[in-house]
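Step one of this worksheet: look at the structure below.
Just so you know, all these numbers are worked out from the coordinates, no wet-lab data involved. Remember, predicted model here, so these are calculated numbers, not experimental data.
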Amino acid sequence: MNFSHVDGPSLATRQRSLGDPATEFPLFPPLTRGCPKTSTDEIAYPLEVGYDYARVDPALFDQEPGTDIARWSPLLPPLEAPTLGEGGFKDLGVGAGSYPVLDHPALGDLMA
């Protein structure tokens, strides 16, 4: 699955360490292996996306339910990602009565 940066309505402004919320980084590149400043050998503190909440239009929360998450763009990271739609499921095209299975080392144990 490919994700790419999108210039759009996102109000995301930074990445913030959960080890020390005062430790911040630019949005890009995404830091996916833990915070480089607050992580230790014992724990890799993840980062969260920080937003400019003061700029969120309160009308955002007055919307009727929609069919996908695009309407929440101001409170989502600025990434172009596929959507499954709210409450919907992507059609994998595997046919009736078939179930997609992921290769997993413990699958045999689960199926026994």
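Details
- Once backbone amide H atoms are built at 1.01 Å from N, residue 11 has 75, 76 as its partners under 5 Å, excluding neighbours fewer than 5 places away on the same chain.
- Residues in the stretch 50-61 carry Karplus couplings, in order, of x, 10, 8, 4, 5, 8, 6, 6, x, 5, 3, 8 Hz; the curve used is 6.51 cos²θ - 1.76 cosθ + 1.60 with θ = phi - 60°, and Gly or Pro positions show x.
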